[in-house]
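J.: Supplied in structure tokens, the structure appears directly below.
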Amino acid sequence: MGGCSAMRTTGKVVKTAGKVGWGATKVTAKVAKTTGKVAWKTGKMTNKGMRTMIYMARGKQIIPLEKQGNSLYAKIRLNRKTYAKFLVDTGASQMQISKSMAARLRIKLHKAEKIPVSLAGGHIVSARKVMLKEVRVGSVRVKNVAAIVLDQDNLDLEDGLLGMSFLNHFRFQIDTRRSELILEQRVVD
């Protein structure tokens, strides 16, 4: 949807952006308990008819990262039950989870769609496309996030990669000096 966005809220905050054109999106405002800021819930449909929902407090959310060598890791929670440490990888188009993480999450890989994926070196390998019910990074939650599991799991990482299938839902920046991931709500077009 291009142009102007009209948003209906259940709170008192309403955002609009003016351009030629028209589109409508429903946003639900809530008050966050710890910060007193307004929290936003937005959603969009994925290609399989599942709704991707984003829950976050308004404004910037700063997520501390753990630095190991030249790599930065985020502590995340998957499917509301499993804690993990994922390498932040803006070059990965999808989140990637290891086979051991898929087993911990009780994902049935034999039922998942088999797809070809291109690795960083240009090698094409087979993988399974899965949908994570929820990915939580700090106080930010995204429901129904696409991820892949490589058939030949060669991850040196125990858990996985935090890729663009999560990060694309936000305006984000990585402060390498402070080891922080900064997430902001994307403006709905």
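J.: Restricting to segment 64-89, give me the number of residues that are at positive phi and of a type in the set (A, V, I, L, M, F, W, C).
T.: 0
J.: Here's a check for you: in segment 145-169, which residue that is surrounded by 20 or more Cβ atoms within 10 Å (Cβ to Cβ) and farther than 19 Å from residue 128 by Cβ is modelled with the highest pLDDT?
T.: 167
J.: In addition: On the basis of being in a loop (DSSP other than H, G, I, E, B), of a type in the set (D, E, K, R) and within 20 Å of the chain's Cα centre (by Cα), does residue 134 make the cut?
T.: no
J.: Hey, another quick one. Going by the conditions given, is residue 55 of a type outside the set (A, V, I, L, M, F, W, C) and at pLDDT 90 or above?
T.: The answer is no for residue 55.
J.: Tell me which of these residue 98 doesn't satisfy, since it passes every other one: (1) of a type in the set (Ser, Thr, Tyr); (2) buried (at least 20 other Cβ atoms within 10 Å of the Cβ); (3) within 22 Å of residue 51 (Cβ to Cβ).
T.: The number of the failed condition is (3).
J.: Among the residues of segment 58-76, count how many are within 12 Å of residue 177 (Cα to Cα), at pLDDT 95 or above and not charged (D, E, K, R).
T.: The total comes to 3.
J.: Among the residues of segment 101-125, write down those that are within 12 Å of residue 149 (Cα to Cα) and touching a Gly at 6+ places or on another chain (Cβ under 7 Å).
T.: Within segment 101-125, just 101 meets the criteria.
J.: Can you pull out every residue in segment 65-81 that is surrounded by fewer than 14 Cβ atoms within 10 Å (Cβ to Cβ) and in a strand (DSSP E or B)?
T.: Of everything in segment 65-81, those that are surrounded by fewer than 14 Cβ atoms within 10 Å (Cβ to Cβ) and in a strand (DSSP E or B) turn out to be 66, 67, 68, 71.
J.: What number of residues in segment 92-128 are without any contact (Cβ under 8 Å) to a residue 12 or more places away in the chain and in a strand (DSSP E or B)?
T.: The qualifying residues number 3.
J.: Which residue out of 93, 139 is of a type in the set (Gly, Ala, Ser), modelled with pLDDT of 90 or more and under 24 Å from residue 57 (Cβ atoms)?
T.: 139
J.: Related question: Can you find a residue in segment 114-121 that is touching a strand residue (DSSP E or B) at 6+ places or on another chain (Cβ under 9 Å) and buried (at least 17 other Cβ atoms within 10 Å of the Cβ)?
T.: Checked against the condition, which is being touching a strand residue (DSSP E or B) at 6+ places or on another chain (Cβ under 9 Å) and buried (at least 17 other Cβ atoms within 10 Å of the Cβ), segment 114-121 yields at least one hit.
The values are calculated or read from the model by the stated rules, or taken from the named source; none is laboratory data. The structure presented is a predicted model; accordingly, all values stated were derived computationally and were not measured. Every residue, glycine as well, gets a Cβ built from its backbone with ideal geometry; the counts of neighbours run over all protein chains shown.
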